[in-house]
1. Between residue 33 and residue 116, what length comes free when the chain is fully extended (0.36 nm per residue of separation minus the Cα-Cα distance, one decimal in nm)?
2. Test of understanding: given the chain, find the longest segment containing no GluC sites (Glu not before Pro) that are in a DSSP loop and have at most 16 other Cβ atoms within 10 Å.
3. About its Cα centre, how strong a charge dipole does the chain have in debye, to the nearest 20, once Lys and Arg get +1 and Asp and Glu get -1 at the Cβ?
4. Add +1 for every Lys or Arg and -1 for every Asp or Glu among the other residues with Cβ under 15 Å from the Cβ of residue 174, and state the total.
5. State whether the stretch 167-308 is rounded, prolate or oblate according to the following rule on the C-alpha gyration tensor (a ≥ b ≥ c being the square roots of its eigenvalues): a/c under 1.5 gives rounded; otherwise a/b larger than b/c gives prolate, and the remaining case gives oblate.
6. Quickly work out the residue 279-to-residue 317 label distance, labels modelled 7 Å from Cα along the C-beta direction, and quote it in nm with one decimal.
7. Let me know the charge dipole size of the stretch 22-75 about its Cα centre in debye, to the nearest 20, where only the beta-carbon of Lys, Arg (+1) and Asp, Glu (-1) is charged.
8. Report residue 72's accessible area, 1.4 Å probe, all protein chains in place, as a number in Å² to the nearest 10.
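The values are calculated or read from the model by the stated rules, or taken from the named source; none is laboratory data. Because the structure is predicted, anything quoted here is derived from the model rather than measured. Backbone-built Cβ (ideal geometry, glycine too); neighbour counts: all protein chains shown. With ligands, DNA and RNA removed, areas are computed over all heavy atoms of the protein, side chains included. Shrake-Rupley method; radii C 1.70, N 1.55, O 1.52, S 1.80 Å.
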Amino acid sequence: MIDAQRLHALSPRLSSRYSVSAPRWDSRAPLLEGRMELCQIQPGMFLRLADVMDRYDLHSEALLHPGLKVAWVLEGQAEVSFAGRGLQLGPEAGPQAPRAVVVALDNAEAFCRQGRAGRKERKERTLTMTLSQEWLQRYPYATHQAHLQICPWRPSPALALLARQLILGQGLAWDSLPQRLMGESLAYAMLGEALASRDASAADDLTTRPLTLSEDRRMQRLKESIDNGEADQVTQSELATRLGMSLSTLQRQFRRHCDESLAAYLRHRRLVRAYQALEHERIDLDSAAGLAGYTSTANFATAFKRQFGIRPSELRRQCDNARDALPGDR
């Protein structure tokens, strides 16, 4: 049995503002029958297993952290919504309903799930992978998707067999090294199939024609505004609005113009600006992190060292020592 306390305990690593409600629910009674588990595969990469049946018409809400979601309903039916966009998943949701999707979240967004108590003896068996922004910074390949874009994908029969063995077997309670290695292999295979299917679909949909002269000039002006700092503190969605196009069109055209994703280019240029400010303006680390678009100084330091091979505190100290050594500063 799974009660509200257990649901709340699982939510903080993936979301905030989690709440549940159900008609005629005694708050002391369990909400779900079955099991729900959460495991961190690697830093910023989480896999959640659910093998549950609703005991009430359960409505749950949360604010999902930015990142990438890979959701797969192996059995049953799931009614969910992302930022108000309703979605039905699973084999019992109808022949046209997808069983699995990849959803990109550039910003925190509202998520809802509606459970149905009337589906007795019909368990909802799901695997949901969450990739945080910090994880995506380490693997920028996975970010090639517009905000709130929902991309269906079809798991292979071999992957489905492994997933059912996991759910019906030891689950995510990996008590031995062989079990853990098998579970992690399934997680990586699930992510690999999802991203490969998403990118194959995107390649089928995109034209390979070169940009027109006006499109090329517009992307060049955007690149210049990023380089000179005019686009600092501006989100990709706001840039798209300023240019009078959809975010997906902007991201597609920018990649074709620069052979690099807009997200990666913005991240690189803002880190470069933070480096220059630390080197020449003697700003503090919190200000440098904000200049690079980070709210966490620790995350900024990690990205900075990955980009330049030195921590921002070390760069600041080296520059201070070099200034102190100048004869005019004595």
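1. Answer, rounded to one decimal: 28.6 nm.
2. Excluding the exposed sites themselves, the longest stretch runs over 1-120.
3. Here the size comes out at about 240 debye.
4. 0
5. oblate
6. 2.0 nm
7. Roughly 160 debye for the stretch 22-75.
8. 10 Å²
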